[in-house]
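This report concerns only the one structure given below.
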Amino acid sequence: MILVLLRRASTAPSVRVEIRGRVRIEPLGGRGVARAGTGLSEDFPLAAGAPARRIRAEEGPVVVNGKPYPGALRLAPGDRGLLPVIETDLEAYVVGVLAGELGSGFTLAALRAQAVASRTYVLSRLRSTPPGQPWHVADDVTAQVFVGVPPEPIFRKAAADTGGLILAWRGAPIPAYFHSTCGGHTAPAEEVFGLAGIPPLSGVPCEFCRSAKYYRWETRLSADDVARAASMPPPATGISVLRRGFGGRALSVLVEGARPATLAASDLRLRLGAEKLRSTLILDIARSGPDFVLSGGGWGHGVGMCQMGAQGMGRAGASASDILAHYYPGAALTRLY
C-alpha cells in the first residue's frame, strides 16, 4: 500500500470528489458509522476540525479535482488540517508515475527501466517514512511525479512487464534516484545527497543523452537574483566555482559582492530555481553587461538513471535490464513477487 500526498490539492480549502457507481465513505481509522451509496459529487473541507475519512469507489477510480486516481482517497489529519492522500497499491502507483515522469513518447525499454527504478525508489521511501506521517511520498518532483490513472495502455504494459522487479543492494531496495538529463556523467549520491556506501549510485559516464534538448544549455542570471540567492546585499559582482566533484559538477561556489558568500552549488540552484539553473554541471561563467551568463549541461540532480540517456539506449536497441545495469552498476535485479 502506497500513500501519496496530493501536494497542490493540499493547499486548497477543500477538494472536489466524484465517483460513479457504488461508494463507501468511512471514518479514517475504522471507528464510527460508514456511509454507502451510489454516485458521489461533493466538496470535502480540509480545514482543521473537519472529519477525517476514507472515500472509496467499489469499482473504477476516485476523481479528485477532476483527475482520476486508483484506489481510495484519505482525508488524513495533518499539522494544519486535513491532507488529501491517495491510498493505492504499488503497481497502480508505478503506472501513474510512468505517465508523470516520462510520457508515451519514450521507448518501451526506457519505460520498463523507469518502472523498476520507480518501484524500487518508493519502496526505499517506505522504509524511511517517519512513524506517524500520514503519507509516504508526494505526487510532485520532491519524490516522483504521479498523475493518477493515465489513459494510454503503454504505461500499464511497462509496469506489468516488470511487475514485482526491484533493484537491491545487500538485500534491500536502493534509493533508485533518477533525473532528466545528466549531461555526460551521472553524479555520486554521496556528493549530492550525502548517501555513502551505495556503489550502484556512485556515478557513471553517459554518452546516450547527447541528443537531449538540455544536454548543453545557457542561462542568463541577473546580478541581483544571484545576490539574493546567496543571501547578500545586491548586486553580486562575481561567481566562481570553488570545488568540483566526480564528473565535473560544481560542489561549492563563491559569490562575490558587498558580503562575499560561499555556498553549496546545489543550494544556489535550489534558491535560483531549476528553470534558471538546470543543474550544477556549470561549465563556464561569463559577464554580459549587468548579468551573468552560465553555460552548463544536464537537467536535474544527476544521481542514478539519466532518463534521456535511457531513451537513447532504448533507441539503440538496449533492453531495460541493459539500461538498469548501466546506471545502477552492481545492483541486483530482484523479483519480490
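Only the coordinates and a few stated rules stand behind these numbers; no lab work does. Keep in mind it's a predicted model, so treat the numbers as computed, not measured. Here the Cβ is made from the backbone with ideal geometry for all residues, glycine too, and neighbour counts use every protein chain on show.
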Rg followed by Dmax, in Å, when the range 217-296 is reduced to its Cα trace: 11.2, 33
Loop-located trypsin sites (Lys or Arg not before Pro) in the range 99-188, at most 10 other Cβ atoms within 10 Å (DSSP): R170
If you keep only loop residues by DSSP, which GluC sites (Glu not before Pro) in the range 210-312 have at most 12 other Cβ atoms within 10 Å of their Cβ? E275
Would you pull out the residues with amide H under 5 Å of R243's amide H, same chain only if 5 or more places away, H placed 1.01 Å from N? L251, S252
Rh_Kirkwood(the chain) over Cα pairs, Å, one decimal, evaluates to 21.7
So how far apart, in nm, are the two label points at S128 and A36 if each is 7 Å from Cα heading toward Cβ? 4.2
State the extension gain, in nm to one decimal, for the chain segment bounded by K213 and A12, taking 0.36 nm per residue of separation less the distance between their alpha-carbons. 68.9 nm
How much of the calculated P(r) for the range 2-88 lies past 22 Å, in percent of all Cα pairs? 16
Cα centroid separation - the range 87-114 against the range 240-265, whole Å: 36
Karplus-derived 3J(HN,Hα), 6.51/-1.76/1.60, for each residue of the range 21-29, Hz, glycine and proline x: x, 6, 10, 10, 10, 9, x, 5, x
Averaged over every viewing direction, what's the projected area of the C-alpha convex hull for the range 1-50? Give it in nm², one decimal, please. 4.5
Mean Cα-pair separation over length for the chain, i.e. relative contact order, pairs under 8 Å, 6 or more apart, %: 17
Mind sorting Y215, Y327, Y121 by how few other Cβ atoms lie within 10 Å of their own Cβ, fewest first? Y215, Y121, Y327
Kirkwood Rh and Cα-based Rg: tell me the resulting Rg over Rh for the range 246-337, rounded to two decimals. 1.12
Packing-based ranking, highest mean first, of 10-20, 226-236 given that Cβ atoms within 10 Å are counted: 226-236, 10-20
Relative contact order for the range 217-296 using alpha-carbon pairs under 8 Å, separation at least 6, rounded to a whole percent? 32
Relative to the Cα centre, what is the charge dipole magnitude of the chain, using +1 at the beta carbon of each Lys and Arg, -1 at the beta carbon of each Asp and Glu, and rounding to the nearest 20 debye? 300
Rounded to whole Hz and in sequence order, give me ³J(HN,Hα) for the range 295-304 from the Karplus expression 6.51 cos²θ - 1.76 cosθ + 1.60, θ = phi - 60°, writing x for Gly and Pro. 10, x, x, x, 9, x, 6, x, 8, x
Given backbone amide H placed at 1.01 Å from N, residues whose amide H is under 5 Å from that of V303, ignoring those fewer than 5 places away on the same chain, are A187
Proximal lysines relative to K276, as straight alpha-carbon distance under 18 Å, when same-chain residues fewer than 8 apart are discounted: K213
Assigning unit charges at the beta carbon (Lys, Arg +1; Asp, Glu -1) and nothing else, what dipole magnitude in debye, to the nearest 20, does the range 2-88 show about its Cα centre? 60
Which loop trypsin sites (Lys or Arg not before Pro) in the range 29-107, with loop taken from DSSP, have no more than 13 other Cβ atoms within 10 angstrom of their Cβ? R31, R80
Place +1 on the Cβ of every Lys and Arg and -1 on the Cβ of every Asp and Glu in the chain, take the dipole about the Cα centre, and give the residue among P134, Y328, P188 whose Cα lies farthest towards its positive end. P134
